[in-house]
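Worksheet: the structure to be examined is printed underneath.
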Amino acid sequence: MTAQVPCFILHRRPFRETSLIIEVVAQGYGRLNLVLKGAQSSKKSTTSGISQVFCPLLLSFSGAGELKTALSLESSGPPVVLQDKFLYSGFYINEIICRLWPQNVDSDELFELYTTLLDDLSQTQQLPQPNAHFLEMLLRRFEFNLLRMLGFGIDCSYTFGGNEAIEAGQFYRYIPEEGFVLSHKSYSGQALISGEDIVGIGQMNLTNPKILKAAKKLARVALAPLLGGKPLKSRELFVNL
Amino acid sequence: MKFSPLVSELIDSLKGLPGVGPKSAQRMAFQLLERNRQKGVRLGESLIKAMEKVGHCRCCRTYTEDDLCHLCASPKRVGSGLLCVVETPADVIAIEQTGQFTGLYFVLMGHLSPLDGIGPLEIGLDVLKKNLQDNQVKEVILATNPTMEGDATAHYIAKMCKQQDIDASRIAHGVPVGGELEFVDGTTLTHAFSGRKII
């Protein structure tokens with residue numbers, strides 16, 4: 001049994017008659033899979049009310065295998081209320097972490113990254129419209145940080161192999177898991193990014209709309225091989241029917 | 001010991017039901033074979049009939065063997081201009097039992113949950129959009145579950161309604177009748193307070 005650990009639920013799905021299987025991101029533990037017994041029975045309605053995504057929780061658990069058993073789950077504050085695009089972004093982040101972060105790999109940084117992002121999201125949605133630009137900035141920062149933490153950080157100063165510095169005025173192609181390669185402007189691939197933009201991304205200078213757009217392109221290309229053939233479902237939520 | 005092929009097959013098939021493990025499956029199989037052959041035959045027949053004939057209602061997506069379910073076929077309900085969006089057919093029954101609602105339903109058969117691979121198309125929101133255009137719906141009542149996923153689904157549909165100038169409302173959530181405040185969790189109480197009514 002562990003002491004109470006701060007955590008957030010990323011995903012929940014029903015298990016047996018009244019139990020839930022929850023995936024959480026927990027401080028110092030990274031991503032965990034747990035069984036939460038009796039969470040959906042009417043007698044224990046207190047856990048069913050709080051075992052929701054975006055609710056700060058305190059968890060204690062036991063078990064050594066892949067699937068652990070939650071012993072207690074308590075709320076440690078009001079839920080982060082997200083709406084519209086910000087809510088869909090929350091689902092997007094949860095999906096990325098569940099798909100990319102390996103189970104049971106300890107990381108303080110992941111929990112830190114997740115909680116700051118949720119805070120930032122809920123604060124940014126209070127800003128007057130249009131706040132979509134700030135939302136995109138938050139998501140891109142998160143994606144690049146996550147890539148770095150997973151060991152797939154992008155080197156924005158040198159080309160692949162580390163021979164040449166990235167120069168403004170040139171065009172580069174990003175090859176996932178390798179790096180930037182000098183490319184001709186006429187190359188029609190999707191991942192062509194200008195040298196200025198790459199340097200801008202390296203400095204996280206995302207307030208510039210042009211650099212932000214390039215960053216989105218770069219993040220997509222870099223994430224694609226890690227996600228395998230299955231695209232992220234939460235992207236569909238941003239598209240209106 | 002091994003059972004004869006037909007008996008093992010029966011036990012295996014029964015194991016496919018939710019909440020039925022190997023032991024219960026065995027008990028069910030023996031009960032049917034030993035004491036209740038007739039019921040067993042009836043079960044088999046109705047299973048085959050249902051599996052072959054039951055489909056989804058063209059309008060509300062609930063289970064029915066007809067093209068339109070009896071609720072969608074009722075002219076009185078169509079005329080009411082109300083449409084209630086729920087997650088499962090069981091929710092339709094629950095609401096029908098209250099006798100308070102006399103409009104049409106739309107059954108999503110789930111909620112938006114990207115991690116389970118369920119997006120807007122999987123819960124039939126394209127069908128719903130067409131319904132909203134074709135029928136004379138004045139108000140859409142969003143009765144998805146009060147979970148974060150249910151809320152996301154409700155918001156998504158509300159946005160769809162707004163584009164078509166249709167009112168969308170969300171059912172209230174709060175303290176259950178006969179419950180005690182002391183035992184209600186904080187989130188539910190917060191909802192109950194923010195959704196309070198002047199009496």
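Here, each number is a calculation from the coordinates, and none is a lab measurement. Since the structure is predicted, the reported quantities are computational estimates derived from the model, not experimental observations. Cβ sites come from the backbone with ideal geometry, for glycine too, and all protein chains shown count toward neighbours.
Here are the numbers for the structure shown:
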| read-out | value |
| --- | --- |
| Separation of the A:GLU178 and B:GLU52 label points, Cα + 7 Å toward Cβ, nm | 5.9 |
| Translational diffusion of segment A:97-241, µm² s⁻¹ [Kirkwood Rh, Cα pairs; Stokes-Einstein; 25 °C; 0.890 mPa s] | 149 |
| Unit charges on C-beta of K, R, D, E only; dipole of segment B:40-199, Debye | 500 |
| Rg over Rh [alpha-carbon atoms, Kirkwood Rh] for segment B:61-147 | 0.95 |
| Nitroxide proxy distance, nm - points 7 Å out along Cα→Cβ at A:SER157 and B:GLU65 | 7.4 |
| Residues B:THR98 and B:LEU189, FRET efficiency given R0 of 25 Å [Cβ-Cβ distance, rounded to 0.05] | 0.55 |
| Under 10 Å, Cβ to Cβ, from B:SER113 - net charge with Lys/Arg +1 and Asp/Glu -1 | -1 |
| Equivalent ellipsoid semi-axes, segment A:122-202, via Cα gyration tensor eigenvalues times 5, rooted, Å | 28, 16, 11 |
| Stokes-Einstein D for segment A:1-149, Kirkwood Rh over Cα pairs, 25 °C, 0.890 mPa s (µm²/s) | 155 |
| Amide N of segment A:64-101 lying under 18 Å from the label point, which is placed 7 angstrom from the Cα of A:MET149 along Cα→Cβ | A:89-101 |
| Cα centre as origin, Lys/Arg/Asp/Glu Cβ charges: chain A dipole, Debye | 840 |
| Computed over the protein assembly as shown, Cα set: Rg, Dmax in Å | 25.9, 85 |
| 10 Å Cβ neighbours from other chains, averaged over peptide B:152-162 | 3 |
| Farthest positive-ward along segment A:1-90 dipole, Cα basis, beta-carbon charges - from A:SER48, A:PHE15, A:LEU36 | A:PHE15 |
| Volume per residue of the C-alpha convex hull in segment B:49-199, rounded to whole Å³ | 157 |
